[in-house]
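Let me begin by presenting the structure, written as structure tokens, before commenting on it.
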Amino acid sequence: MNDIKQSTYHIITFGCQMNKSDTERVAGMLDALGAEPALGQDDADIIIFMTCCVREAADERLYGQVASLKNSKALIAVGGCIGQRDANELAKKMPHIGVVFGTHNIVNLPALISKAMQFKKPVVEVVSNEDAAKLEQPALGLDTPTTREHDWHAWLPIMTGCNNFCSYCVVPYVRGRERSMAFEEVLSDAKRLVSEGVREITLLGQNVNSYGRDLYGEPRFAELLYALEASGIERLRFTTSHPKDLSRDTIQAFAEIAAVMPALHLPLQSGSDAILKTMNRRYTAQQYRDLVTQIQSACEASGKGTVAFSTDVIVGYPGETAEDFEQTLALVKAVGFAQVFTFIYSRREGTPAASLVDDTPREVIQERFDRLVDQVQKSAWTFNQQFLDKEVLVLFEGASKRDNQILAGRAPRNQTVHAPLPEGRPIADFAGKLLPVRINEAKTWYLRGTLL
Ligand code: SAH
Ligand code: SF4
């Protein structure tokens, strides 16, 4: 293949929502140039990896998957966080890679692919965090064509990078410092999305609570939420919210804006003050609890009702004692999370935590992890019970993965909801529709009900 125009492509996405969002833009740019999605990896002329290096497992999986394509005739492009971190090394280690790109230049990917096709040699282009910081705006490509997974849902990155330097985390090193998109630009993007039929927008940033600080000297996240409400979007979500920066104004906006869904991802990481301190999280377990209470009370006062809190927890951080872990478990239980993403600590070269003594035996960590998962399942099940016999408004996505006679969608509190497809009606009639469902079964990971 020597022209993008007649090529087929396949994108493999690892990691966070930012990568999912970048993937939709890469697909959009390639589609606009006349390329087409391949049926699968084996049929593709171009295979693109959007990579993640937040934990070792994703890192190893990427290297393994790319290595296994050694004899593939496809042009292989590797970008995102591992591209940014490993750049030339990646191309040297695996000479069958055609293009390496980073986190700041996805908008250049089509040009890099064309160059690699034309000159038949590897092209490596990674923009350093320092050079990216000199650009007037982060090169997110918000003005490039986007091929969205669902017509009615859009990711909207409002900022890139991170200034928090949690001790375990590579994100600030591979995504650079915090940069916000201009307020007016976010608003006009949201308005355009609404006019294109988007019903739900998820705002993205490593710490959306500090949105605007770099541009305006102070965060304007709450203000942004009110402005977005006026754009007419039906459902608004955002991630991620750092507990230390969740202001009273933002809590108020969260509580009183009807379009902002009553689900909040608030990463905890640990319930032990000692561990939170060495993680550089800059809040205590008690402050976290108080925050949850404040948000819940504000939502009760505004009539929004129960908030579905979700969180991230790391088990086995260097030096985590049995007592530290018990505190995490107790806090997870006390909050009653709707969902918890559980991770075993993964040592990342170049982060401050990488130099800490890490001598907790593997079995001990695994045992803590299993106990946490057990609690997480109990909490999720308990959370879902309150919706039995209740009516919830579901944004339908299509058929459930296992059964094409069952519709699947999302409730305001982010639960997956299943409902039987009414007889004689095609799934397509329901995809992208907001419809009420009466819940008659509440499981750990989903609700089931009937369409009203
Ligand atoms: N900015 C977001 C997302 C960061 S990465 C936030 O602050 O929440 C997503 C999650 O991955 C983190 O919340 C953390 O729980 C986990 N994570 C990050 N680095 C990790 C590491 N080295 N080992 C294990 N989990 C990690
Ligand atoms: Fe990583 Fe912490 Fe920044 Fe999240 S806030 S991206 S965990 S450094």
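Per-structure values
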| read-out | value |
| --- | --- |
| Fraction of alpha-carbon pairs over 13 Å apart in segment 276-319 - percent | 66 |
| LYS134-LYS92 pseudo-label distance in nm [points 7 Å out on the Cα-to-Cβ vector] | 2.5 |
| With every protein chain in place, segment 247-389: carbon and sulfur % of accessible area (1.4 Å) | 52 |
| Convex hull (Cα only) mean projected area of segment 72-220, reported in nm² to one decimal | 10.6 |
| Pairwise centroid distance, computed over Cα atoms, of segment 172-191 with segment 197-215, Å | 7 |
| Accessible carbon and sulfur surface of segment 22-78 relative to its total accessible area, %, 1.4 Å | 48 |
| Volume of the Cα convex hull of the chain, divided per residue and given in Å³ | 152 |
| Helix-only CD estimate at 222 nm, as mean residue ellipticity for the chain, using -39500 (n - 2.57) per DSSP H run (n ≥ 4) | -11000 deg cm²/dmol |
| Amide H contacts of ASN207 (H built 1.01 Å from N, under 5 Å, at least 5 apart or other chain) | THR240 |
| Simple spin-label estimate for ALA67 and SER355 in nanometres, 7 Å along Cα-Cβ | 3.0 |
| Estimated vicinal HN-Hα couplings, Hz - segment 130-138 in sequence order (Karplus 6.51, -1.76, 1.60; Gly, Pro = x) | 5, 5, 5, 5, 7, 5, 4, 10, x |
| Amide H contacts under 5 Å for ASN105, placed H, 5+ residues apart | VAL127 |
| Estimated vicinal HN-Hα couplings, Hz - segment 53-70 in sequence order (Karplus 6.51, -1.76, 1.60; Gly, Pro = x) | 10, 5, 10, 4, 4, 5, 4, 5, 4, 5, 4, x, 5, 5, 4, 5, 9, 3 |
| √(5λ) per eigenvalue of the Cα gyration tensor, segment 267-381, largest first, Å | 27, 16, 11 |
| Heavy-atom surface of the chain, accessible at 1.4 Å and reported per residue (Å²) | 45 |
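The values are calculated or read from the model by the stated rules, or taken from the named source; none is laboratory data. Because the structure is predicted, anything quoted here is derived from the model rather than measured. Ideal geometry is used to build each Cβ from the backbone, glycine not excepted, and the neighbour counts take in all protein chains shown. With ligands, DNA and RNA removed, areas are computed over all heavy atoms of the protein, side chains included. Shrake-Rupley method; radii C 1.70, N 1.55, O 1.52, S 1.80 Å.
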